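Asks: Structure provided below as structure tokens; questions to follow.
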Amino acid sequence: MIRSATINDLDALVDLEKRSFFGDEISRRSFRYLLTKAHATTLVDQEGDWIRGYVMLLFSNVTALARLYSIAVDPKARGKGIGRALVEAGEKEALDHDCVTMRLEIREDNEASIALFKACGFRRFGEVADYYEDHAAALRFEKNLAPQLKPNLARVPFYAQTLPFTCGPAALMMAMVAIDPKIGLDRRLELGIWRESTSIFMARGHGGCGPYGLALSAYQRGFGVELFVKERGVFLVDSVRSAEKKEVMRVVHQEFLDEISELSIKVHYRSMHANELEAAFNAGGIPVVLISSYRIDKKRIPHWLVVTGFDERFIYVNDPYVDADRREAGADCIDIPIPRREFERLARYGKAGQKAVVVVSPRRTGADT
């Protein structure tokens, strides 16, 4: 019988973990947290009083990705199909949580697990060196749990921001290269766009990039640009307390506006909704969208993503931020599915709900140069 685990299963799960692994075990404290507080589900296979195996899933607050965090079968119960039954039960649980993609890591030398997940329809999509305690590498696998969905995806190459404040340049670079593959994705371009586009003071550290500067950077590199900003005025100036910093932001903002007024950059002072994003994407544009990271990690930080595709339920994005603390790799940040309704909530920042989208497209013949 496969059922949901409870805190009453804690002792049995810790004992099973010790019998199943020799390194990288989940601690008792972590099990308790994962069973009681985390956005997670643990399923157990039980025969009588014997818990023969478990599978643990982690869920995102925002995306439709599920992570199979851990799976174990008692050594005395192996070879009976318990692992496969747990994987299939985990897939159903993920679908019940509206997840359409499942990902996991497997030790590169764990031939039994690799064979199991391949037999269950998972495909390898990446590798992370020095992942485990003994420095062994991890192979990354994923499975599409909703093959009936046929996303329309652009080929948007991935580029990870190299600094905490360069998400805007990294997202813009991905959009530009999707349109013109001849552009090189490198740090020199990333820092050049950041230098040109910075107009926002952060709470600490270096400044961030606003939509007007990003739009100008793309235009100056030969792309067509359309800009959507919900409200007029200095972008995110209300998030800064210092009068001196506010004045600097006003001066830079006005300089950007003066430059834009002389170019064929369309500026719309209104929100751009999901159906308009999709229409622009289908017409050949690549939207770069401002979000608040609060719904993802509870940090009130403006952040830029690039849209990579759509289907009837989801908007797909590349996120330039690779969270090393969560052992993420670039492959984890590509074509992330976000439910359309959740995307509408995510794509706003601050108490005023400011919104901004920079749509990058091929430059029309005869446009200003």
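Any read-out appearing in this document is the output of simple, stated calculations on the displayed coordinates, not a laboratory observation. Here the structure is a predicted model, which means the values were calculated and not measured. Because the Cβ atoms are built from the backbone with ideal geometry, glycine has one as well, and the counts that use them run over all protein chains shown.
Asks: Determine the calculated [θ] at 222 nm for the chain from helices alone, applying -39500 (n - 2.57) to every DSSP H run no shorter than 4 residues and normalising by the residue count; nearest 500 deg cm²/dmol.
Replies: Working: 11 runs with 117 residues, N = 369.
The helix-only estimate for the chain comes to -9500 deg cm²/dmol at 222 nm.
Asks: Taking every Cα atom in the chain, find the radius of gyration and the maximum pairwise distance Dmax, and write them in Å.
Replies: Rg then Dmax for the chain, in Å: 23.2, 77.
Asks: Averaging over all projection directions, find the projected area of the Cα convex hull of the stretch 74-149 and quote it in nm² with one decimal place. Mind showing how you got there, number by number?
Replies: On the way: hull surface 23.8 nm².
Averaged projected hull area, Cα only: 5.9 nm².
Asks: Another question, then. Going by how many other beta carbons lie within 10 Å of each one, how would you line up I291, I301, fewest first? Walk me through the numbers before you get to the answer.
Replies: Details: I291 25, I301 18.
Placing the least packed residue first, the sequence is I301, I291.
Asks: Moving on. In whole percent, what relative contact order does the chain give with Cα contacts below 8 Å and a gap of six or more residues? Mind showing how you got there, number by number?
Replies: Numbers: 693 pairs, mean separation 54.1, N = 369.
So the answer I get is 15 percent.
Asks: Using the Cβ atoms and a cut-off under 9 Å, what net charge is assigned to the surroundings of K76, where Lys and Arg are +1 and Asp and Glu are -1? Don't skip to the end; give the middle numbers.
Replies: Numbers: positive: R19, R52, R78; negative: D74.
Residues close to K76 contribute a combined charge of +2.
Asks: Excluding A160 itself, what net charge comes from residues whose Cβ is under 11 Å from its Cβ, given Lys and Arg +1 and Asp and Glu -1? Kindly include the intermediate steps, with their values, before the conclusion.
Replies: Working: positive: R187; negative: E190, D319, D323, E328, D332.
For residues surrounding A160, the net value is -4.
Asks: Further question on the same structure: With just the Cα atoms defining each centre, how far is the stretch 233-269 from the stretch 320-369? Give it in Å.
Replies: A separation of 21 Å, based on Cα centres.
Asks: With the cut-off at 22 Å, report for the stretch 152-362 the share of all Cα pairs above it, as a whole percent. Could you put the intermediate results ahead of the total?
Replies: Values: 9719 of 22155 pairs.
I get 44 percent for the Cα pairs in the stretch 152-362 exceeding 22 Å.
Asks: P(r) for the stretch 270-369, please, calculated from all Cα pair distances in 5 Å bins and given in %.
Replies: Bin by bin from 0 Å, the calculated values are 3, 12, 22, 24, 18, 11, 6, 3, 1, 0.
Asks: Taking K and R as +1 and D and E as -1, what net charge do the other residues with C-beta under 9 Å from the C-beta of R313 add up to? Provide the component values of the computation, followed by the final result.
Replies: Working: positive: R340; negative: D98, D311, E312.
Cβ neighbours under 9 Å give a net charge of -2.
Asks: Also, quick follow-up: Angle between the Cα long axis of helix 187-197 and the longest principal axis of the chain, 0 to 90 degrees, nearest 10?
Replies: The angle comes out near 50 degrees.
Asks: So how far, in whole Å, is the C-alpha centre of the stretch 1-60 from the one of the stretch 109-126?
Replies: 21
Asks: Then there is this: In the stretch 114-176, which GluC sites (Glu not before Pro) fall in coil by DSSP and have 10 or fewer other Cβ atoms within 10 Å? Display every interim value, and only then the final one.
Replies: Working: sites: E127, E133, E142; in loops: E133.
Listed in order of number, the matching sites are E133.
Asks: Apply 1/(1 + (r/R0)^6) to the Cβ-Cβ distance of H273 and A129, taking R0 = 56 Å, and write down the FRET efficiency to the nearest 0.05.
Replies: 0.85
Asks: Further question on the same structure: Could the peptides 160-169, 244-253 be put in order, highest first, of the mean number of other beta-carbon atoms found within 10 Å of their residues?
Replies: Details: 160-169: 21.2, 244-253: 15.4.
Output ranking for 160-169, 244-253: 160-169, 244-253.
Asks: Sticking with this one: Taking loop as defined by DSSP and a crowding limit of 12 other beta carbons within 10 Å, which trypsin sites (Lys or Arg not before Pro) in the stretch 35-78 fit?
Replies: Working: sites: K37, R52, R67, K76, R78; in loops: K37, R78.
Here the sparse-neighbourhood loop sites are K37.
Asks: Could you work out how much longer the chain between R341 and E108 gets when fully extended? Use 0.36 nm per residue separation minus the Cα distance between them, nm to one decimal. Kindly include the intermediate steps, with their values, before the conclusion.
Replies: On the way: separation 233, 0.36 × 233 = 83.88 nm, distance 3.79 nm.
Here the segment from R341 to E108 would lengthen by 80.1 nm.
Asks: Counting other C-beta atoms within 10 Å, and keeping those with at most 15, which DSSP coil GluC sites (Glu not before Pro) do you find in the stretch 284-360? Mind showing how you got there, number by number?
Replies: Numbers: sites: E312, E328, E342, E344; in loops: E312, E328.
Hits after loop and neighbour filter: E312, E328.
Asks: Kindly state, to the nearest 0.05, the FRET efficiency for K266 paired with F22, given R0 = 45 Å and r defined as their beta-carbon distance.
Replies: Details: r = 61 Å, r/R0 = 1.36.
Efficiency, rounded to the nearest 0.05: 0.15.
Asks: Taking H as built 1.01 Å from N, whose amide H comes closer than 5 Å to the amide H of E231, not counting residues under 5 places away?
Replies: Those lying under 5 Å, H to H, from E231 are K355.
Asks: On C-alpha positions alone, give me the angle between the axis of helix 211-220 and the longest principal axis of the chain, in degrees, nearest 10.
Replies: Taking the Cα atoms of the chain, the angle to 211-220 is about 70 degrees.
Asks: For the stretch 2-144, what is the convex hull volume of its Cα atoms per residue in Å³? Let's see the in-between values first.
Replies: Working: hull volume 15.5 nm³, N = 143.
Per-residue hull volume (Cα only) is 109 Å³.
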